[in-house]
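The values are calculated or read from the model by the stated rules, or taken from the named source; none is laboratory data. Fair warning: this is a prediction, and the values are worked out from it, not measured in the lab. For neighbour counting, all protein chains shown are included, and Cβ atoms are generated from backbone atoms with ideal geometry for every residue, glycine included.
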Amino acid sequence: MSLKVLVGCKRVIDYAVKIRVRPDKLGVVTDGIKHSMNPFDEIAIEEAVRLKEKNIVKEVIAVSCGPTQAQETIRTALAMGADRGIHVEVPAKEMEKLEPLHVSKILAKLAEKEQAELVIVGKQAIDDDTNATAQMTAGILNWPQATFASKIEKKDDFLEVIREIDGGLETIKVKLPAVVSADLRLNEPRYATLPNIMKAKKKKIEKMKPADLGVDTTPHFEVIEVTDPPAREAGIKVEDVDTLLLKLKEVGRI
Amino acid sequence: MASISQLMNTFSRISRPSVYRHKGWISHPQNFIKPCVSSVHYSSVLAELPETHEMLRKTCRDFAEAELQPMAGKFDKEGVFPKQQVKTMGELGLMALVVPEEYGGTGMDYLAYAIAMEEISRGCATAGVIMSVNNSLYMGPLLGFGSDKQKEEWITPFTTGERVGCFALSEPGNGSDAGAASTVGKEDGDSFILNGTKAWITNGYESEAAIVFATTDKAKKHKGISAFIVPKPTKGLSLGKKEDKLGIRGSSTCNLIFEDCEIPLANLLGSHGMGFKIAMMTLDSGRIGIASQAIGIAQAAFDCAIDYAGKRMAFNAPILKLQLIQQKIADMALRIESSRLLTYKAAVLKDEGKAYSKYAAMAKLAASETATFCGHQAIQILGGMGYVSDMPAERHYRDARITEIYEGTSEIQRLVIAANLIKEYQVL
């Protein structure tokens, strides 16, 4: 099996951190805050490694765009079983404005350069929740896409993917090469065992800039304001369903 | 009366910072570990851990939060050995952290060990002590003094988490007074015959091997003690009742009773009369592990207390707003941070092949007293809720207490520190 898989992993603020809006209201505080790999990307890496263990895939390449610290994310991917990494250097200030379109172009170029036949990413990043990178990457490459995957099986020259959709589960066939985005129930990521953490130190991480791939990272849109959601107000208790309906009518909800 | 210049020499020798080497090791009987990072900058460990260590900390924390913390109360209440969790810890590489890869270990350094011990103990103190005894007390003597054959036979099968070892030094008649070992070992043909009783042996029930210290030449006093590897079960070795302990109740503690117990000659560890030295060197490095366990317990108590204080309302505000509560939080955090830094220092010094005994004793002393302080204050902050088993504070309080006693009581640690100081200052 000569299939190469490219996995995108993003360094985001850790899910357990209590986010605070910056004083300039243009973003959230990131200095000195704990960061880790996007949980959906962990699932993507895990799936790629499992495909390698099943001999469906030959090589797993982990990619991350970001400042120097993005290498920690790639190293975690290597410790989980990825074979090598690519760090696309984007300085911290630029990273704030990096859009899914830029990342998609980068992933598309890398997929071509590495001759990967499968690109797996998490369905969305927990910081911007755009849920766009997988779709755009497929569009740019003109490859089929299987998003919100909760199960992936290889059959001959195509993938059978079960997708989680609003109505339930949908099973589709996608011809390779393809782009897949990982959803929550696809798998449970493994712990990076200590022996694997040690092995990861010997694996290669290639460095490059977006310009090297011919990608222009000029932003297309501008964040005007970031605010906290309104503080949660106290609710009221009602005695029965009739009173509930009355109250809902009073506040104009029904 | 020392001259001014002599005094100046003494002071400058003490205040000069240690020479730091980036790579390489002096070969030293204790240095059976390769550094796992090409350069561990002491100064940067103060500010931030090296990447590998940070990754290791994350793995241990994730595991502890997911698989130890939810079960810790159960292990404590039922006095159950966490067999499945110890097996997973083995798979993660935690049961033989500093053992070289050639013997099936993870090949990391003592700083990594300290970090891992803290995170595991924060999840469950019982899991922490089981890990510590296997790593430091059981594998320590074997790594430092075992032959290649002994290492293969007695280390490799104990690296996976499926089997654990134990360390038998204390006796009913002597704990701190380790030189007075009354268990005897007599050479008889092609075996040694052991007779005597060892007390307070952690992992006593589950362990499949024990490092046992016995007097082989009474005339030589503590220089007549030798160390032996005893397989378990073995004829002539029986176990006493499981002790009903205040804390770390998931780990078994019992007497090992030797009655004409025969073990092969090949099971002598090191040479005759080396036992006391082996024990003391082993306990030195074990102190780093126990210091870390104590910090983990203290941290767990602290986390519980500050979380509760932020939610508990009294006088129309969370009690965290009250200054006396804030004082407790600050004091707890101060002691935790100080003990942690001392522990890291001891670990890094050991990793660099430098003298670390004094710092290991300081770390263990500071950390264990921190654990009992934090356990105590956490209950105080939780008030009535701290006194009941619905909250983990009472378990941390109980778990913390032993850290001031085992692997060298706080009193012994003070003597070790003083002995080192007296030597350094050369004033006696």
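The one condition from (1) more than 26 Å from the chain's Cα centre (by Cα); (2) buried (at least 20 other Cβ atoms within 10 Å of the Cβ); (3) within 23 Å of B:Glu152 (Cα to Cα); (4) not polar (S, T, N, Q) that B:Asp190 does not meet is (2). Scanning for something closer than 22 Å to B:Ala360 by Cβ, under 18 Å from the mean Cα position of the chain (by Cα), in contact (Cβ under 8 Å) with a residue 40 or more places away in the chain and within 10 Å of another protein chain (Cβ to nearest Cβ), does region B:59-67 turn up at least one residue? Yes, region B:59-67 has at least one match. Cβ-Cβ distances below 7 Å connect the following pairs, each with a first residue in region B:269-288 that is crowded, with 22+ Cβ neighbours inside 10 Å, a second residue that is among the acidic types (Asp, Glu), and a separation of six or more residues or different chains: B:Leu283/B:Glu407; B:Gly286/B:Glu407; B:Arg287/B:Glu407. The residue of region A:86-111 that is farthest from the chain's Cα centre (by Cα), among those that are surrounded by fewer than 19 Cβ atoms within 10 Å (Cβ to Cβ) and in a loop (DSSP other than H, G, I, E, B), is A:Pro91. Tally up the residues in region A:17-48 that are more than 14 Å from the chain's Cα centre (by Cα) and either free of Cβ contacts under 8 Å to residues at least 12 places away in the same chain or buried (at least 23 other Cβ atoms within 10 Å of the Cβ) (or both), please. Residues that pass the stated criteria total 8.
Quick check on this structure: which one of B:Leu382, B:Leu365, B:Leu324, B:Leu341 is crowded, with 19+ Cβ neighbours inside 10 Å, more than 17 Å from B:Ser410 (Cα to Cα) and at pLDDT 95 or above? Exactly one of B:Leu382, B:Leu365, B:Leu324, B:Leu341 is crowded, with 19+ Cβ neighbours inside 10 Å, more than 17 Å from B:Ser410 (Cα to Cα) and at pLDDT 95 or above, namely B:Leu382. The residues of region A:17-76 that are on the phi > 0 side of the Ramachandran plot and not small (Gly, Ala, Ser), listed by number, are A:Lys25, A:Asn55. The lone criterion from (1) in contact with a strand residue (DSSP E or B) (Cβ under 7 Å, 6 or more places away or on another chain); (2) closer than 27 Å to A:Glu188 by Cβ left unmet by A:Ile106 is number (2). Kindly indicate whether any position in region A:214-233 is within 30 Å of A:Arg22 (Cβ to Cβ) and in contact with a Gly (Cβ under 8 Å, 6 or more places away or on another chain). Checked against the condition, which is being within 30 Å of A:Arg22 (Cβ to Cβ) and in contact with a Gly (Cβ under 8 Å, 6 or more places away or on another chain), region A:214-233 yields at least one hit. Just a yes or no: is a residue in region B:248-262 among the basic types (Lys, Arg), outside any helix (DSSP H, G or I) and out of contact with any Cys (no Cβ under 9 Å at 6 or more places or on another chain)? Yes: region B:248-262 contains one or more residues that are among the basic types (Lys, Arg), outside any helix (DSSP H, G or I) and out of contact with any Cys (no Cβ under 9 Å at 6 or more places or on another chain). If you go through region A:8-45 and keep only what is within 14 Å of chain B (Cβ to nearest Cβ), over 23 Å from A:Ile86 (Cα atoms) and among the small types (Gly, Ala, Ser), you end up with A:Ala16, A:Gly32. Within region A:164-212, being more than 28 Å from A:His102 (Cα to Cα), out of contact with any helix residue (DSSP H, G or I) (no Cβ under 8 Å at 6 or more places or on another chain) and in a loop (DSSP other than H, G, I, E, B) holds for A:Asp166, A:Gly167, A:Lys202. Restricting region A:29-45 to residues that are in a loop (DSSP other than H, G, I, E, B) and modelled with pLDDT under 95, the residue that is farthest from A:Arg75 (Cα to Cα) is A:Val29. Of A:Met198, A:Met208, A:Met136, all but one fail to be within 14 Å of chain B (Cβ to nearest Cβ) and over 21 Å from A:Val57 (Cα atoms); the exception is A:Met198.
The set of residues from region B:206-225 being in a loop (DSSP other than H, G, I, E, B) and touching a strand residue (DSSP E or B) at 6+ places or on another chain (Cβ under 6 Å) comprises B:Ser207, B:Thr216.
Here are some residues: A:Glu225, A:Glu170, A:Glu233. Which one is surrounded by 13 or more Cβ atoms within 10 Å (Cβ to Cβ), among the acidic types (Asp, Glu), more than 14 Å from chain B (Cβ to nearest Cβ) and more than 30 Å from B:Glu54 (Cβ to Cβ)?
Among A:Glu225, A:Glu170, A:Glu233, only A:Glu170 is surrounded by 13 or more Cβ atoms within 10 Å (Cβ to Cβ), among the acidic types (Asp, Glu), more than 14 Å from chain B (Cβ to nearest Cβ) and more than 30 Å from B:Glu54 (Cβ to Cβ).
Scanning region A:46-82 for residues being within 14 Å of chain B (Cβ to nearest Cβ), aliphatic (A, V, I, L, M), under 18 Å from A:Tyr191 (Cα atoms) and assigned to a helix (DSSP H, G or I) gives a total of 5. Of the residues making up region B:94-114, those that are in a loop (DSSP other than H, G, I, E, B), surrounded by fewer than 24 Cβ atoms within 10 Å (Cβ to Cβ) and within 10 Å of chain A (Cβ to nearest Cβ) are B:Gly104, B:Gly107.
Take A:Ile236 and decide whether it is without any contact (Cβ under 8 Å) to a residue 24 or more places away in the chain, assigned to a loop (DSSP other than H, G, I, E, B), over 26 Å from A:Leu101 (Cβ atoms) and of a type in the set (A, V, I, L, M). Here the answer is yes, as A:Ile236 does meet what is asked.
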